Each structure stands twice: as structure tokens, then as C-alpha cells.
Amino acid sequence: MKYDVVIIGGGLSGLTAGSLLAKSGLHIVVIDKSYNPGGSCGIFKRDNVIFDQGAAMLYGFGEKGFNPHRFVFNCLEEPIDMIKHDLLYCVNFKGHRIKFWPDIDKFTEELAQVFPTQRENIKRFYHDMLQLYQHVMVENPSYSTPDETDSRESLAGMLKHPLSYLKFFSYLNRSVEDILKKYFTDPEIFKFFDKLTSTYCYTTVKESPAILAAVMFIDNHIGGSYYPAGSTINLPGKLEKVIEENNGYMLLKTEVVKILFQDNKPYAVALKNGDIIQADNFIYSGTVWNLYGKLIDKLNTSSKKIAWAKKQIPTYPSVVLYAYIDKQVIPDDTAPLEMLIGNPDKLDESEVTAYIPSIDDNTLCPEDGHVVMAIGPTFENWKCETQLAFIKIKNIERERLLAILEKRFPGFQSAVRFAEIASPLTIERYTNKNGGAVAGPKQMLGQHLFNRLHTKSEWNNLFYCGESTVMGTGTPAVTTSGLSAANAILKKLGLLGYHYQKSMKNYVRIVEKPYTEEMKYVKINKADAKIIYQASACQYCQNPLCSKNINLDIRGIMRRSTVGNFTGAKKLVTKYMEETGLQKLSLKNCEQRCIQNVKHGKPVQIESVVDYLLDL
């Protein structure tokens, strides 16, 4: 089968591009190695407790500010419910809990209490950055990468605010430290900003490009921070839903091993199982190292390009602790995101960011508990010669992270009901992020913006998106890169692209918090709600017993049904029936093997869900 577009990689950037192209009527397929789309954005379960595997605090959904997520869902006309947090996060710095309020004036006053000698400088700095941000980023919204921005879209803003634009562009090859020196004299505040930049883009103020400063330090305050109501399964799940409802295809658990060339340009991809899939155009949503070190062979590129890719410096490898704990150990004033700064003088393993989404979303675990995801750098040598040595390091890292959390939340270690570590090798295995570098190449001077992969490649039918491209790190950034890749293809084909219009209808719905199980079904008809409820009991097992000896993707059916993607779920069922020649399905044996039945004597109602799908 030949497609209009093959998308290699089903992370948020690839899903964004795929959903927009499918919505425009193109015949597309998204191919991903994992059985779960979304890359770092998604969930896994442990005995009915939901854990976010990566991205759990999202920006870009606000009414104001740089809001590409909101823009994409409005373009797709796909509703999504979001929880807006009261605080962006809290930074625990040298004995202070600095609350990042959405209101910048309130935040600058909070920061001034920590650095009283810098009060006026803090206000002046944030005032100047806010003005720059408003003039360049907000007044003329443009949801495209810098390399794809239409100069006509920027002209109005440049004519209105020429000084702001000149200042903004002057920051291109200067560091954040250069800018900070114009405002601050206290060396301690430089350490504070160091921690902010390392959290935002995994770099120090000396490494961070100044052009990112206005976005890094201002945007989150303007737009706010969010969490998908009911867990992050909904963000990639909704994008997948649009793809499958518009005759697009999701090819999961399938690895692309090579991009094939003919007449000096890509014409197909080779899969690990030996299949070949042809297309007119291709989008690659993955790391620069996998692209030039694996998918494109030496015959089809230059040694210079390969050397450039190898020299891209990655962000540090990360380790993640997933924990389920007793609720009472978390104080009532805790923010859903707490940055724990162990060593203010340098970046080391004591710097950990703790996500506790169950504070605002009560559907993730029983009411007497909380789920915690703690992520930070790891400098251990994870390339062990034996499994025993690997397990030993995992246990050491588990206890180290628990001890860090114990300092912030006394009693944490004794309150643990479940704790599991994801090593850099685990991260690489499930997301294809080389060495567990969760943010791809560093957003540092010398390899930022135009020194990364561009949207357009050296071939006119291969396009790039994701963290290795000009936008870099973070869900708003990769979403914008996916949008730009989609628009580049639509423009090439002479089709209308997706551009901001004031009259666009809003599809992002902000729900009350704490979000509860009952709130999930308020806007859904009773029949659909029943099926969503039954499907959401699935544990999405890595090795599902329910599908043993049957080539039916029950896990994928339940995952899709959980987010209301009945079209995609039904496609899996009907395809299986066509391949087997079955006129009716009996899935009682699958229910008997279900892990929920094995553990609790109450299986997922697989047959009920499937029967409902077939009746649609």
C-alpha cells in the first residue's frame, strides 16, 4: 500500500503532524516502535494506579500566551478536558519554597522576598521580558518554527514594535547569563536562574541562548500549567482518535529500520519485519542520532552530515522514580510540581523534579493515596556486564531518590506502597531516546535554533519534527514542530495550511478541580460512558495475558475506547474478524486470562466492549 505521507515516530510531534494531515484529507500512516503512542507522554498502570510515564505538567493550553496545544485542538475540532493548576510549580531553593504564581507581579514579589537586595532589578527584568514576549510572541500569533515562519506574518509586528524585534534578534547568539548581568549583581540569584534553565531546557545560564529567555521566564506565567483530566493518556489518545476517524492508520509495535532511496530521494521505509511501505512524502519524528546513525545510510548522505549529527551534545541521561504513597505524607499546600534543589552551586544528582498530579486529579489512584513521579539526572554507569549488577544500581538509585523526597516530605520512605525505577536504558527502550536523554540535543549555544534539524530536509519530500529540530524541548515546542511539518507538506501540495484566526471556536475545556471519577462522564451519553468505564479498567499490560494465542490487540482496543476513540477500536476488531473469517467473537477465555481476573476475580468486560463496538 502506498500513502500520501508516512510518519516515522508516534510521539506528540508525529501525532500532531499526522492528525492535522489526516484532517486535511491526506492518506497517512504513523509508525511507532511502541504499543503506546505519545512517546514520553502517556501512562502505565500498576494494579489500577495510573502513572504518567513522562510529560505530566503541560503548557500551551492557555487562552493567552504561546498556546500551540490549544491551537491544534481547535484546528482539529476535537474537545479535550484540561485541569488548570493554581500554581505553575514550587521551587525549593536554599530553604525557601518559591511559589510560581500565574500572576507575574505576585511572583516577582515572592521572588523579591528571597532576594531582597534585588527587588527592583527583579521587577525591571520581568517587566522587560514580559514586554518583549508580548510584542514578539503574543500580539501576532504564529504557530510555526523559525525556519518556516512567513516573513509577512512577522512584518506587522516588526513595524509596530521595531525596538522589541531588534532586541529579540540580538539575543540569538548571546547567553542568558549575558542578559542577566545587565540586571543583577547578587551571585546567588544567578544560581537560582541556573536551576530554572536546567529545568526548562537542561542547560545552565551560560549555555542557554538568550533568545529563549523571554519564553522560558515569562510564557508559563501568562498561559498557566495544565494536566489532561483523567491522565495524560488523553493527549496522544485524542490525536490518535482524529487520525483514525479521518481514515489515517496507526501502525504500532512496528519499527522502521531504514529510509529507502530511489533517484536520490526517499520513496519508502523498510520495517523490521521485512515489509516495505511507500509514500510520496515522509515526516521523521525522532532523534538526530537515530536519523543519521541508523535510518539514512552513508550512501545517501554526506560524511559531513553524519559527523555533524554525532557531535550534537545530548541532554544528560535521566532516571525516573514512580511511587504510590500514603496520602497523609504530602502536606496540603504541596504543588502538583515541586522542584527540589539539593545543591544550589552546581547541577548534580540531588536536583529532582517531583510531579504529584493526583493532587488535582483524583482519578489516578484511590483517595487515600498519591502518585509521584520524580525525575532527575543520573551519572551512574548503566552499561552493566550482568543483570545482577544492573539491578544493584537500580536499587541504589531507588533509595537515593526516595531519600531526596524524604527531605522534602518527612515520612515519605515509610509511606511507600509501591516504587519502581526507570533507568536511562528503560527510557531508551520505550521511547528511542538515545542514552535516556529525555530532551534530545541540548538547547545550548552553538546547537540551538538553526543549528539543529530544520523542518525541511535536503530532500524535498522528507520533513522533520520533534526535539532534535529548531524548536527543541518541551511539549509546546514539539507540537509546534509537528504543526510546521504538516503545513510544509500542505503548502507543497497546494492545500490550505493551519493558521491562526481570531474567529476559531475553542475546543479546550477547563474543568473544576479536584477532578473526580464522576466528572469523567458528565458530558457523555450513558451508553458511551458505560463502555469507557469498562474499558478504562484495562491495565494495558506489557505482556497481556488476555491476548495470548489470539492475534487480537485487546490492549489497543481498550486503550482507544478509554479516550472515546471507538472508530479506531472498532477498526482493530473488524480487521481481526476479516483476517480470521469469524462472523462472531467469543472472548470469555480472554476475560478469564485477564490480569484483573487473575488478581481480583473481576475481569475487564472485554466482550461487552467489543460487542458495543460492533454494533456502532
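The values are calculated or read from the model by the stated rules, or taken from the named source; none is laboratory data. Everything quoted here is computed from the prediction, not taken from an experiment. Here Cβ is always computed from backbone atoms with ideal geometry, including for glycine, and neighbour counts include all displayed protein chains.
Residue-wise test of (1) outside the structural domain of residue 357 (by TED's automatic domain parsing); (2) farther than 19 Å from residue 365 by Cβ; (3) among the hydrophobic types (A, V, I, L, M, F, W, C).
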{"position": "518", "(1), (2), (3)": "yes, no, no"}
{"position": "537", "(1), (2), (3)": "yes, no, yes"}
{"position": "541", "(1), (2), (3)": "yes, no, yes"}
{"position": "546", "(1), (2), (3)": "yes, yes, yes"}
{"position": "550", "(1), (2), (3)": "yes, yes, yes"}
{"position": "562", "(1), (2), (3)": "yes, no, no"}
{"position": "584", "(1), (2), (3)": "yes, yes, no"}
{"position": "603", "(1), (2), (3)": "yes, yes, no"}
{"position": "608", "(1), (2), (3)": "yes, yes, no"}
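Within the set 425, 496, the sole residue that is surrounded by fewer than 18 Cβ atoms within 10 Å (Cβ to Cβ), touching a Leu at 6+ places or on another chain (Cβ under 7 Å) and aliphatic (A, V, I, L, M) turns out to be 496.
Being outside any loop (DSSP other than H, G, I, E, B) and crowded, with 19+ Cβ neighbours inside 10 Å is a description that applies to residue 71.
Applying the condition of being small (Gly, Ala, Ser) and exposed (fewer than 12 other Cβ atoms within 10 Å of the Cβ) to segment 580-616 and asking which residue is nearest to the chain's Cα centre (by Cα) yields 601.
Taking the criterion of being outside any helix (DSSP H, G or I), modelled with pLDDT under 95 and either touching a Phe, Trp or Tyr at 6+ places or on another chain (Cβ under 6 Å) or of a type in the set (Gly, Ala, Ser) (or both), the residues of segment 370-391 that qualify are 376, 377, 384. The set of residues in segment 567-604 being in a loop (DSSP other than H, G, I, E, B), polar (S, T, N, Q) and free of Cβ contacts under 8 Å to residues at least 12 places away in the same chain consists of 583 alone. Among the residues of segment 549-577, those identified as under 24 Å from the mean Cα position of the chain (by Cα), among the aliphatic types (A, V, I, L, M) and within 11 Å of residue 606 (Cβ to Cβ) are 557, 558.
Of the residues making up segment 323-338, just one is in contact with a Lys or Arg (Cβ under 8 Å, 6 or more places away or on another chain) and either more than 20 Å from residue 404 (Cβ to Cβ) or surrounded by fewer than 21 Cβ atoms within 10 Å (Cβ to Cβ) (or both), namely 326.
Of the strands (runs of 3 or more DSSP E) lying entirely inside segment 15-55, those containing at least 3 residues that are over 17 Å from the mean Cα position of the chain (by Cα) span 28-31. Identify all residues within segment 392-426 that are touching a Pro at 6+ places or on another chain (Cβ under 8 Å) and either acidic (Asp, Glu) or part of a helix (DSSP H, G or I) (or both); write none if there are none. Once the filter is applied, which keeps residues that are touching a Pro at 6+ places or on another chain (Cβ under 8 Å) and either acidic (Asp, Glu) or part of a helix (DSSP H, G or I) (or both), segment 392-426 yields only 424.
Going by the structure shown, is residue 510 surrounded by fewer than 20 Cβ atoms within 10 Å (Cβ to Cβ), of a type in the set (A, V, I, L, M, F, W, C) and modelled with pLDDT under 95? Considered against the rule, which asks whether it is surrounded by fewer than 20 Cβ atoms within 10 Å (Cβ to Cβ), of a type in the set (A, V, I, L, M, F, W, C) and modelled with pLDDT under 95, residue 510 comes out as no.
Helices (runs of 4 or more DSSP H) fully within segment 90-206 that include at least 1 residues being out of contact with any Ser or Thr (no Cβ under 7 Å at 6 or more places or on another chain), among the charged types (D, E, K, R) and within 30 Å of residue 332 (Cα to Cα): 104-114, 119-133, 187-201.
Would you say residue 368 is touching a Lys or Arg at 6+ places or on another chain (Cβ under 7 Å) and closer than 27 Å to residue 93 by Cα? It is false that residue 368 is touching a Lys or Arg at 6+ places or on another chain (Cβ under 7 Å) and closer than 27 Å to residue 93 by Cα. Listed here are the strands (runs of 3 or more DSSP E) enclosed by segment 238-281 that have at least 2 residues being touching a Phe, Trp or Tyr at 6+ places or on another chain (Cβ under 9 Å): 256-262, 265-271.
No other residue among 285, 302 is in contact with a Cys (Cβ under 6 Å, 6 or more places away or on another chain) and farther than 30 Å from residue 114 by Cα apart from 285.
Taken as a whole, the condition of being in contact (Cβ under 8 Å) with a residue 40 or more places away in the chain, within 18 Å of residue 593 (Cβ to Cβ) and either in a loop (DSSP other than H, G, I, E, B) or basic (Lys, Arg) (or both) does not apply to residue 560.
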